[in-house]
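Have a look at the structure below, then the notes.
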Amino acid sequence: MSRIGNSPIAIPEGVTIEINDNVVTVKGKLGELTQEISGVEVKTEEGNIMVSRPSDSKDHKAKHGLYRSLISNMVKGVSEGWSKELELVGVGYRASNQGQKLDLALGFSHNIVMDIAPEVKIETTSEKGKNPIVKLTSHDKQLVGQVAAKIRSFRKPEPYKGKGIKFVGEQIRRKAGKSA
């Protein structure tokens with residue numbers, strides 16, 4: 001039994017949900033998201049969204065929880081939004097942005113210039129004595145995670161000195177170096 005799939009999704013004020021055939025469309029103050037679904041039924045009743053499955057087959061059980069989570073993330077995204085913060089740890093590591101272009105100096109011979117999707121808002125902050133921080137916000141959780149993972153892949157945190165791009169609050173498992 002899917003415990004996640006059985007719980008209802010509350011619809012906040014200002015959010016409208018349309019269900020046509022196999023497509024769920026969620027509109028809110030921050031944007032509009034659509035998701036194609038299969039194998040489950042989606043209904044709205046009394047200000048809640050209910051996801052139900054036709055049988056107890058393994059495939060239907062898996063999709064039950066999956067689509068409930070995806071729809072819940074869409075509802076939260078168009079009402080509140082999602083954000084991720086990345087921290088650049090290392091001497092000389094810098095980040096700046098001009099509009100939707102992110103410019104990263106990560107110790108390579110050239111800076112990395114990355115175009116960010118227009119749905120994602122980007123902010124960079126760098127204070128003296130603190131590590132630069134890149135903040136990504138959007139209504140689409142999958143897109144924010146994908147962009148954050150792409151930025152992080154340029155210089156993953158290494159376990160010896162802890163240098164690299166990490167999420168704010170992420171604990172890096174450190175290793176001892178060579179023993180003398």
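Of all residues in the stretch 104-117, count the ones that are outside any strand (DSSP E or B) and more than 15 Å from the chain's Cα centre (by Cα).
6
Check whether at least one residue in the stretch 91-98 is β-branched (Val, Ile, Thr) and surrounded by fewer than 17 Cβ atoms within 10 Å (Cβ to Cβ), and report yes or no.
yes
Can you tell me which residues in the stretch 1-33 are at pLDDT 90 or above, under 22 Å from the mean Cα position of the chain (by Cα) and open to solvent by 90 Å² or more (accessible area, probe 1.4 Å)?
LYS29, GLU32
If I filter the stretch 157-169 for residues that are at positive phi, open to solvent by less than 50 Å² (accessible area, probe 1.4 Å) and over 15 Å from the mean Cα position of the chain (by Cα), do I get at least one hit?
Yes - at least one qualifying residue is present in the stretch 157-169.
When you go through (1) farther than 20 Å from ASP140 by Cα; (2) surrounded by fewer than 21 Cβ atoms within 10 Å (Cβ to Cβ) one by one for LEU66, which number turns out not to apply?
If we test LEU66 against (1) farther than 20 Å from ASP140 by Cα; (2) surrounded by fewer than 21 Cβ atoms within 10 Å (Cβ to Cβ), just (1) comes out false.
So the check is Cβ under 8 Å with 6+ separation or different chains; which pairs have a first residue in the stretch 61-90 that's touching a residue at least 40 places away in the same chain (Cβ under 8 Å) and small (Gly, Ala, Ser) and a second one that's in a helix (DSSP H, G or I) and surrounded by 22 or more Cβ atoms within 10 Å (Cβ to Cβ)?
Within 8 Å, the pairs are SER83/VAL144.
Can you name the residue in the stretch 133-148 that is open to solvent by 50 Å² or more (accessible area, probe 1.4 Å) and within 9 Å of the chain's Cα centre (by Cα) and is also nearest to ILE116 (Cα to Cα) among such residues?
By that ranking, first place goes to GLN146.
For every residue, the table says whether it meets (1) out of contact with any Pro (no Cβ under 8 Å at 6 or more places or on another chain); (2) outside any loop (DSSP other than H, G, I, E, B); (3) at positive phi.
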| site | (1), (2), (3) |
| --- | --- |
| ILE17 | yes, yes, no |
| VAL26 | yes, yes, no |
| GLY39 | no, no, yes |
| LYS43 | yes, yes, no |
| LYS61 | yes, yes, no |
| ASN97 | yes, yes, no |
| LEU102 | yes, yes, no |
| GLU119 | yes, no, no |
| ILE122 | yes, yes, no |
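Here are some residues: VAL42, VAL91. Which one is at pLDDT below 95, under 30 Å from PHE154 (Cβ atoms) and aliphatic (A, V, I, L, M)?
Just a single option satisfies the conditions, and that option is VAL91.
The values are calculated or read from the model by the stated rules, or taken from the named source; none is laboratory data. These figures come from a predicted structure and were not determined experimentally. A quick note on method: Cβ atoms are made from the backbone with ideal geometry, for glycine too, and the neighbour counts reach across all protein chains shown. Heads up: the accessible areas ignore ligands, DNA and RNA and are worked out on the full protein's heavy atoms, side chains in. Shrake-Rupley method; radii C 1.70, N 1.55, O 1.52, S 1.80 Å.
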